[in-house]
Each structure stands twice: as C-alpha cells, then as structure tokens.
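The values are calculated or read from the model by the stated rules, or taken from the named source; none is laboratory data. Predicted, not measured: the structure shown is a model, and the values here were computed from it. Cβ atoms come from the backbone with ideal geometry, glycine included; neighbour counts cover every protein chain shown. Protein only, heavy atoms only, side chains kept; ligands, DNA and RNA dropped before computing areas. Shrake-Rupley method; radii C 1.70, N 1.55, O 1.52, S 1.80 Å.
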Amino acid sequence: MSGKGGNKQGKKQGGSKGGKQHELAITTRAEDYPKWYQDVVRFGELAEPAKVVKGCMVIRPHGYAIWEKIQRDLDARFKNTGHRNAYFPLLVPQSFIMKEAEHIEGFAPELAVVTHAGGQELEEPYVIRPTSETIIGHFFAKWIDSHRDLPLKINQWANVMRWELRTRMFLRTTEFLWQEGHTAHATHEEAIEETLQMLHVYGDFAEEVLAVPVTRGIKTASERFAGALETYCIEAWMQDGKALQAGTSHDLGQNFGKAFDVKFQNEAGDLEHVWQTSWGVSTRLIGGLVMTHSDDDGLVLPPRVAPIHAAIIPIFRKAHEKERVMEAAERLKEQLSAIDIAPERARYRDFLEVVIDDRDMRPGAKFYDWERRGVPMRIELGPKDLDKGQVCMKMRVDTPACSGKQFLPEAEFLGSVRQRLLDYQDALLAAAKARRAANTVTLDTWEEFEATFAGDESKFAWCHWDGTAETEAAIKDKTKVTIRCVPLEGQGPAAEPGTCIFSGKPSKQRVLMAKAY
RNA sequence: CGGGAUGUGGCGCAGUGGCAGCGCACCGGUUUUGGAAACCGGGGAUCGCCGGUUCGAAUCCGGUCAUCCCGACCA
C-alpha cells in the first residue's frame, strides 16, 4: 500500500556510485517546485523544449492528445452557443497592429516581424499574429453592413507568437496554440452578455472537464487586455500557491470597431460602430492541469482529458499462462473500449482508450511507467485473477471512495467502470478545491500580508483594496503580489465595506491577491 | 533584456593540457515476471557552436547559441 517503491530516497546521487537509484525519478515538489514541473512534463512525455527554436516547445503525442480533448469539448461548447469556426492569416500587415493605440502599445515589445520574403525586402513588413483582433476587424468591416448581419460570432483555432523574455513549457512559450473567439454585436449590452457567457463557458469547462477549480472575476485596469474596456478572467490556484490566469474574455467596446471602421446600419437607418468581444484559452491550460493535480510520482490526469483511461498489465510466469492472460486481456480491453464516458448532451462520444502493456518488462516497472503518464486506472491481470474470475484495479490517485488495489468480480468491475471514472473525475476536482481552500486566507493587516507572502510564499488572499492603481503598483513593488481579479458575485466573499490592506483607505469589497505565473 | 548557473552518448553525471569514461536507458541472448529483475555479449558522443593559444584543447582565452533559476517585461 506504500505504492511508491523506492523512488523517494535513493535518487540521483549523481556520478557512478552504482546501486539502485532511479535516474528517471521525478524531483519532489518540496525539493524544487519548478524542477518538479519540468520533470512531470518531460517524464509524462507531454512536451520538451525545442531548443533549436528559442522559447518554443515540441508538444509530444501524449501532450497533444490532451490538447485535442480540450479542443473537442470546447469546440462543442462554442458551437452550442452559436459560434462558427473560421481561419485568418498568420501574418498581419504591420499597419493593422498600429491602428488601435492601446493595442499597439501593449503588443509592440513582443512582436516578431517578417521583413523579407521571396529573397526581397517587403514593402510593408508583416507581423506574426500575437492575436487577431486587427486582421479580423478588417474583415468584419467588409462583412458587416446591416444590423441583420449581427451578431457575428466567429472562433478561430490557431497558433500565435509573442516574443516573451522568459518562457516555461505550456505556461508561457513564444509560440502557443489557442482559440480566439471574436464577435460583433449591435449593442453594448449584448456584447457584455456575450463576454460573460463565454467567461462562464470557460469556467464550467475548467471545472467539469479539467477538474481545475477557478475563480471568475474582473481584471483591474493594469491587467486588462490592450484595447479592451473590460477583461474578465478565470484564475486557477497552483500547488505552489501562485495563481494562473487560465482564460480571458474581453469586452472590446467599440475600440476596434472604430479603428477598423466596422459599421452597420441600425433599424432606424443610422450608421453605428459595432460592439465587439474576444475571448481565448490556450495550451497554457495544460500547464495549469499539471500543476493542479500532479504529485511527486508524476502526472495525474482527470478521465475527461486523459488520452489513455486504463492500462492493463498482464502478469504471467509460464508460456501457457501468458497465452491465457493475454487472451483475457484482449477480451477485457474490447469490453472496456465500448464504454462511453462523454458528458450528457455532449456533441461527441468519448469511448475509453485502453492499452495492454505487453512490453517485456517487469510488472512493477510498468506500474511506474503508467503512473508517470497520469493514466487514471490500472488493471493487473494474472492467473490468480482469471482463476477467481476477478479483476485487480487501482486508481492513479487514492480517493475517499477508492483507495489502494481493489479486487472485484469481473462483471461487477465492468458494470462499475464508467461510474468509477466519473467519481474519480469528481474526486480530483474536490481534492483540488480542498487544497485551494486550505491555502486561501482572508487578510486584514499589512503585517499578516507580508508574513503570508514572505520570500517565495504565496496563497490566495482576499483583501480589501482601495481601488487605485497606485496602491496596486505599490503592493506589487513591495511583495510581487498582484490583484488577480475582482470576484464576480458568488466567487469570493460577499461584498462588504472595509479598509484597504495597504493604504487604509475605504474599500467596497475584497479582491483576490496572489503571486502569479 | 540584466544578474547567476549550466551545456560531455537518450537521461543523470565524472573527467581542469596528453588514447573520451561511469551508472541508468538502448540492441542481441539466457534466465525471469503481482511495485523500477539478473547475468553474458554489444552499439552509440568530432565533449553546444565558431574562432584563438599550444607540439597537443572536453580542459586555457575570446565570442556566440541554448536551457534553467532570479529580476525586469508580459492576454
């Protein structure tokens, strides 16, 4: 039951001392949290730094399969809310970026620019899109004439590039994959409604599919998207206490409508600029997924995004046993593969992905291998089980409902697999919520605040703030703590007046403060 | 972009001027197989890259590139 074998102590002594150390052991969180994250991503075979291209990563098949599952579910949610997919060019004329003053100011430092092509210098350079508001604004202007063309609700799955100074796999890479929704509406009210609707699509998705609890809120002016009136966000709590902005939804007002002259004739016959929104989530979600659930044994994946749901490890000694066990394993795999764990009303099916690990390795070695890959369910199948008509299974992480190895009659096991995976999904969310709750505090004095955020420490802290950018900047300057968001109703403590934790001035409500990625 | 660290086989490391090594992984074989198997045999690195010093450079010098950490910057 100490399901950990010997990978805790004898690891990585370095050098040629011999012995039984496991070089492939994962650094523990307590030892070195950033190194742990790197190890989990690498040993879990999610991704690796490209190296030959600065700041970029290679997403490996196991990691990309997670992205595909994220895409599948989100895409269905977008379609369910009336959006259609389209695709716009990777290259954007440099002049486009310049058209919205705040936008250019926000993005200029991180642009990659194409100046030469076809062996010649270009007349006008192209920018590699850091986001597509501008080029989409250009086309919206062509497509929209009348209020009958509205609302226009488009989504794009794409890659974007931002020349970041400091990169970390999934969390911040120079090139990343994402989805960007862009909509145009006849009224501001409708645009705000859309912005909030998509924020909640993200929030629901994060919790239901990724099992990542998030706080829905509004960004302060300093954290707002360049060119937006208001930026809404979902913030996730990571195991080192820091916050991760996991998704954003922007009310763009008429800023881009004016910059790109996107006008429509309303019912009264007057010309008006459209009201726009944009919203996006990226491969960063995978980084958040890793830092929410994974442990010192490696990756932990919720079933709804796990590329492989169950690994069957055949166990045998003699040739005739092998034949018998493999046959049974194939049969079991076939039955499991017919089970569908897609959510109710989903637009897709989600049949279990099952592998039989027939590699020539010791069973124990295989256990470790699948654990590092985060596979939710492990099935050990040996002669003893076949004799008894039972299945031996174990979940990657112990939950209140299922801990350690379980020995179940085959029929009972098969009948319960779907529910077990769904329960496991729920248990991961519950565990993540519990960890977050245990690391969320309400602070009222600056002394408490400084103690909470001393050194590298971070928690989620609900504090009063006087609402000024000066105070926000001063707090960040002193402690590296930022205001992650002003919570939407029900997402934090009920609004009650108080005094700012830093300035002592009056405050209307508490905001979420934490160090951030 | 600044400060620091590091770059030697797939991974982890040793080697500080004189034949490029070790552990794990990998390949072949035999025995094994319910929590990281054992033995035998074998393959694989122009020591990140470029230049310099030297009879001779993984090692010294200069430059450059990349990664990691910290900072600045950042939907």
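Between A:V441 and A:F460, A:A461, A:W462, the built amide H atoms are under 5 Å apart, and every one of these is 5 or more places off in sequence or on another chain.
Kindly identify region A:388-489 as rounded, prolate or oblate by the Cα gyration tensor criterion: order the square roots of the eigenvalues as a ≥ b ≥ c, call it rounded if a/c is under 1.5, otherwise compare a/b with b/c, prolate if a/b is larger, else oblate. Judged from the Cα gyration tensor, region A:388-489 comes out prolate (a/c at least 1.5, a/b above b/c).
Ellipsoid semi-axes for chain A, based on the Cα gyration tensor and the rule √(5λ), read 44, 28, 24 Å when sorted largest first.
For the residues A:M377, A:M361, A:M161, a 1.4 Å probe over the protein chains yields an accessible-area ranking, largest first, of A:M361, A:M161, A:M377. Seen from A:K476, the other residues with C-beta closer than 12 Å to its C-beta sum to a net charge of 0, counting Lys and Arg as +1 and Asp and Glu as -1. Computed on region A:57-292, with alpha-carbon pairs under 8 angstrom and 6+ residues apart, the relative contact order is 21 percent. Normalised size of region A:52-116, defined as Cα radius of gyration per 2.2 N^0.38 Å with N residues, equals 1.56.
For A:A47, nonlocal amide neighbours, meaning residues 5 or more places apart or on other chains whose placed amide H falls under 5 Å from its own, are A:R60.
If you take the Cα centroid of region A:339-408 and the Cα centroid of region A:121-169, the two points sit 43 Å apart. Using the membrane-span-like helix rule (whole DSSP H runs, Cα extent along the own axis of at least 24 Å, mean Kyte-Doolittle hydropathy at least -1.0), which helices of chain A qualify? Passing helices, by number: A:188-208, A:410-438.
Quick one: in region A:310-436, what % of C-alpha pairs are over 20 Å apart? For region A:310-436, the fraction of Cα-Cα distances above 20 Å is 46 percent.
Find, to one decimal place in angstroms, the Kirkwood hydrodynamic radius of region A:313-386, where the mean of 1/r is taken over every pair of different Cα atoms and then inverted. Every distinct Cα pair counted, the radius reaches 13.7 Å. In chain A, the calculated helix contribution to ellipticity at 222 nm averages -10000 deg cm²/dmol per residue, counting -39,500 (n - 2.57) for every DSSP H run with n ≥ 4. Summary of the geometry: region A:199-217 and region A:222-251, compared by the centres of their Cα atoms, lie 12 Å apart. Given the options A:L244, A:I315, A:G280, identify the residue whose Cα lies farthest towards the positive end of the charge dipole of chain A (+1 on Cβ of Lys, Arg; -1 on Cβ of Asp, Glu). Positive-end residue among those listed: A:I315. Two numbers describe the Cα atoms of region A:232-350: Rg and Dmax, which are 25.3, 85 Å.
Look at the dipole of region A:441-514 built from charges on Cβ: of A:A469, A:S458, A:C500, the Cα furthest out on the positive end belongs to A:A469. The convex hull around the C-alpha trace of region A:441-514, projected and averaged over every direction, spans 4.3 square nanometres.
The coefficient of translational diffusion for region A:57-292, derived via Stokes-Einstein from the alpha carbon Kirkwood radius under 37 °C and 0.692 mPa s, stands at 178 µm²/s.
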